[in-house]
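The values are calculated or read from the model by the stated rules, or taken from the named source; none is laboratory data. Keep in mind it's a predicted model, so treat the numbers as computed, not measured. For neighbour counting, all protein chains shown are included, and Cβ atoms are generated from backbone atoms with ideal geometry for every residue, glycine included.
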Amino acid sequence: MGMTDDKGLAGLRLEDFAGKAYDKLRYGDTDRQGHVNNAVFATFMETGRVELIYNAEDPLLDEGYSFVLAKLDIDYLAEILWPGTVEIGTRVTRVGRSSVAMQQAVFQAGRLCASAETVVVQFDQATRKSHAFSDQQRAKLEGWIQAP
């Protein structure tokens, strides 16, 4: 597809991402056209983000803080068909004061089906405002720019 070349996505693979996640497709994910509905792609992106940034064994956030979604820009590149699974890649592209930008991609059977630019903001649940990253958080986030 020409779209993938325009965005520099040609040749993108799951192995290129620091975070790797998987989702099982459900029959209910499909629409009238028989492919996975576009709204479900946002759920795939959420799975990828959550599995990277909410690792219970190596927490990124302190108690009382969470991430809120500020931007989700999805490019739909190929249809996804039920039954099966999808693989989701997530990597950090930029770390701001309290926000982090990520590139995400969804693959089915090794084929790139969607890519997204995602921005989340660290959120103080008490003040309901953004909260700056610590040096330790920044270092961890910057470590997710490259695949291991």
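So if I check each of Thr47, Thr43, Thr90, which one is of a type in the set (Val, Ile, Thr), modelled with pLDDT of 95 or more and not in a helix (DSSP H, G or I)?
Details: Thr47 fails: not in a helix (DSSP H, G or I); Thr43 fails: not in a helix (DSSP H, G or I).
Result: Thr90 is the single residue among Thr47, Thr43, Thr90 that is of a type in the set (Val, Ile, Thr), modelled with pLDDT of 95 or more and not in a helix (DSSP H, G or I).
Given the condition exposed (fewer than 14 other Cβ atoms within 10 Å of the Cβ), over 11 Å from the mean Cα position of the chain (by Cα) and over 16 Å from Leu112 (Cα atoms), answer yes or no: does some residue in segment 9-25 qualify? Within segment 9-25, one or more residues are exposed (fewer than 14 other Cβ atoms within 10 Å of the Cβ), over 11 Å from the mean Cα position of the chain (by Cα) and over 16 Å from Leu112 (Cα atoms). Determine whether segment 74-85 contains at least one residue that is in a strand (DSSP E or B), of a type in the set (D, E, K, R) and closer than 18 Å to Leu61 by Cα. Within segment 74-85, none of the residues are in a strand (DSSP E or B), of a type in the set (D, E, K, R) and closer than 18 Å to Leu61 by Cα.
Report whether or not Gln146 is buried (at least 20 other Cβ atoms within 10 Å of the Cβ) and either among the hydrophobic types (A, V, I, L, M, F, W, C) or touching a strand residue (DSSP E or B) at 6+ places or on another chain (Cβ under 8 Å) (or both).
On the way: buried (at least 20 other Cβ atoms within 10 Å of the Cβ): no; either among the hydrophobic types (A, V, I, L, M, F, W, C) or touching a strand residue (DSSP E or B) at 6+ places or on another chain (Cβ under 8 Å) (or both): yes.
So Gln146 does not fit the description; no.
Checking Ala132, Ala126, Ala147 one by one, the residue that is at pLDDT below 95, among the small types (Gly, Ala, Ser), part of a loop (DSSP other than H, G, I, E, B) and over 24 Å from Asn37 (Cα atoms) is Ala147 and no other. Per the conditions (1) closer than 20 Å to Ala21 by Cα; (2) touching a helix residue (DSSP H, G or I) at 6+ places or on another chain (Cβ under 8 Å), the sole criterion not satisfied by Ile53 is (2). In the list Asp31, Asp58, which residue meets the criterion of being among the charged types (D, E, K, R) and under 27 Å from Gln137 (Cα atoms)? Residue meeting the stated conditions: Asp58. Residues of segment 108-132 that are over 12 Å from the mean Cα position of the chain (by Cα) and crowded, with 21+ Cβ neighbours inside 10 Å: Leu112, Cys113, Gln122.
Residues that are in contact with an Asp or Glu (Cβ under 7 Å, 6 or more places away or on another chain) and either over 26 Å from Leu14 (Cβ atoms) or of a type outside the set (Asp, Glu) (or both) within segment 114-146 comprise Ala114, Ser115, Ala116, His131, listed in sequence order.
Matching residues to (1) out of contact with any strand residue (DSSP E or B) (no Cβ under 8 Å at 6 or more places or on another chain); (2) free of Cβ contacts under 8 Å to residues at least 12 places away in the same chain; (3) not β-branched (Val, Ile, Thr):
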position	(1), (2), (3)
Thr43	no, no, no
Thr47	no, no, no
Leu52	no, no, yes
Asn55	yes, yes, yes
Leu69	no, no, yes
Ile74	no, no, no
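Is at least one residue of segment 4-11 under 20 Å from Ala139 (Cβ atoms) and of a type outside the set (A, V, I, L, M)? Checking segment 4-11: not a single residue is under 20 Å from Ala139 (Cβ atoms) and of a type outside the set (A, V, I, L, M).
When you look at Tyr65, is it among the aromatic types (Phe, Trp, Tyr), surrounded by 13 or more Cβ atoms within 10 Å (Cβ to Cβ) and over 19 Å from Gly110 (Cα atoms), yes or no?
Numbers: among the aromatic types (Phe, Trp, Tyr): yes; surrounded by 13 or more Cβ atoms within 10 Å (Cβ to Cβ): yes; over 19 Å from Gly110 (Cα atoms): yes.
Yes; evaluated as a whole, the condition is true for this residue.
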